[in-house]
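S.K.: Pasting in a structure now, in structure tokens, and then I'll have a few things to ask.
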Amino acid sequence: MRGVRIACAVLFGTLLAAPAAAHRLAPSLLEARELGSGRVEVRWKTPQVQPRGGELQPELPDHCLPVGAARAERGATGVTLRWRVDCGSRGLVGATLRVRGLRESRTAALVRVELEDGRTVQAVLDAERDAFEVPARQGARRVAGEYLALGARHILGGLDHLLFVLGLVLLVSGRRALVLTVTAFTAGHCVTLSLAALGFVRFSPRPVEFAIALSVLVLAVELANGTRQPRRARASLLRRQPWTMALLFGLLHGLGFAGALARVGLPAEEIPLALLSFNAGIELGQLAVVAAVLGGALLLRPAFARGPAWLVRAPAYGIGSLAAFWCFQRAFAA
């Protein structure tokens, strides 16, 4: 267990090398909707916190000419520009949409196109691929790959979710109990993510984000108590039945994942596949974190067997400090 705590301390420091925003990789959105007669309504949404390293700029096909001025709207989660263009008889099928600045800013952007006949096609753009050619129909393989990557990006870019998974690894002793706990967390957030994404559950994002931060804080407090009072910690319900807590908090974190998916949307023709792929991407990212911690524990155990006592306690206090900051930040956010 000491080796796991050392590995978590190293991973925690690595995570903090990036900005401490809980969702720093939230993608931008470029949406184009055909209205008929060549007219297209365009929506460009960027996060409230702009990425460093480069300014993101949408680029439409040359034959799509602006009609009127753009309108700017500032909301709780980002800034949105709306305008209309005239693409003539060529329309958007076969045209290329691009987002400049993705490589420099190291962020992602979703392109979503609603065609006049009711079909929807979309793609996730990043540093390796900053352009999307609108196909007449989007294949299932492309949908699966893009939503798989989107789910993995979200979990790996969401520090609050990552620290909760990290806390579960620290809390649970024994391989079987860890597998059961992580599975319970997975089952919980898959249920609420799916229900919310399909419209069966509606919620306000701000209370959910606060509750997620609070769940990380509760877990950190339990971890800190375990490092100071080991005997009392063993009698704790959270330690005797961690899978129960993981299931309940997983339901809560699933609403957070659903909020991210809502900003992206689901393709009308491949909703089950896209939802399944997004869930799978989250799980792959989550398992990668668990594997990194356990693998790091094996590698670091001999070198840090005689490490200072404070290093063992560092992950719990570090996680708790960040969680407390997020609680205050989200409780009093404008």
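S.K.: Students sometimes get this wrong: rank D130, D117, D62 by accessible area, probe 1.4 Å, all chains present, largest first.
M.R.: D62, D117, D130
S.K.: Same structure, new question: Could you report the accessible area of S173 in Å², rounded to 10, computed with a 1.4 Å probe on the protein chains as they sit in the structure?
M.R.: 90 Å²
S.K.: Right, here's the next one. If we count every other residue with Cβ under 15 angstrom of L214's Cβ, Lys/Arg +1 and Asp/Glu -1, where does the sum land?
M.R.: After counting each charged neighbour, the total is -1.
S.K.: What distance in nm separates the simple spin-label points at R129 and R82, each placed 7 Å from Cα in the Cβ direction?
M.R.: Modelled inter-label distance: 3.0 nm.
S.K.: Continuing with the same structure: Note the full-extension length gain between R74 and A211 as 0.36 nm times their separation in residues minus their Cα-Cα distance, in nm to one decimal. Show your work: numbers first, answer last.
M.R.: Working: separation 137, 0.36 × 137 = 49.32 nm, distance 2.45 nm.
Difference between extended and current length: 46.9 nm.
S.K.: If R129, R240 are ordered by their accessible area, calculated over protein heavy atoms with a 1.4 Å probe, which sequence runs from highest to lowest?
M.R.: Ranked from most to least accessible, the order is R240, R129.
S.K.: On to the next question. Would you list T181, T244 from the most to the least accessible area, probe 1.4 Å?
M.R.: T244, T181
S.K.: Need one word for segment 35-157: rounded, prolate or oblate. Basis is the Cα gyration tensor (sqrt eigenvalues a ≥ b ≥ c); a/c below 1.5 gives rounded, then a/b vs b/c decides.
M.R.: It comes out oblate by the Cα gyration axes.
S.K.: Any chance you could check the Cα centroid distance between segment 119-153 and segment 173-215 for me, in angstrom?
M.R.: Between the Cα centre of segment 119-153 and that of segment 173-215, the gap is 26 Å.
S.K.: Something else now. Report the gain in length on full extension from V67 to A177: 0.36 nm times residue separation, minus Cα-Cα distance, nm rounded to one decimal.
M.R.: Answer, rounded to one decimal: 33.6 nm.
S.K.: Would you mind calculating the gained length between E41 and A140 on full extension (0.36 nm times residue separation, minus the Cα-Cα distance), in nm to one decimal?
M.R.: Result for the pair: 33.0 nm of gain on full extension.
The values are calculated or read from the model by the stated rules, or taken from the named source; none is laboratory data. Just so you know, these numbers come straight off a predicted model, no measurement behind them. Ideal geometry is used to build each Cβ from the backbone, glycine not excepted, and the neighbour counts take in all protein chains shown. Quick note on the areas: whole protein, heavy atoms, side chains included, nothing else; ligands and nucleic acids left out. Shrake-Rupley method; radii C 1.70, N 1.55, O 1.52, S 1.80 Å.
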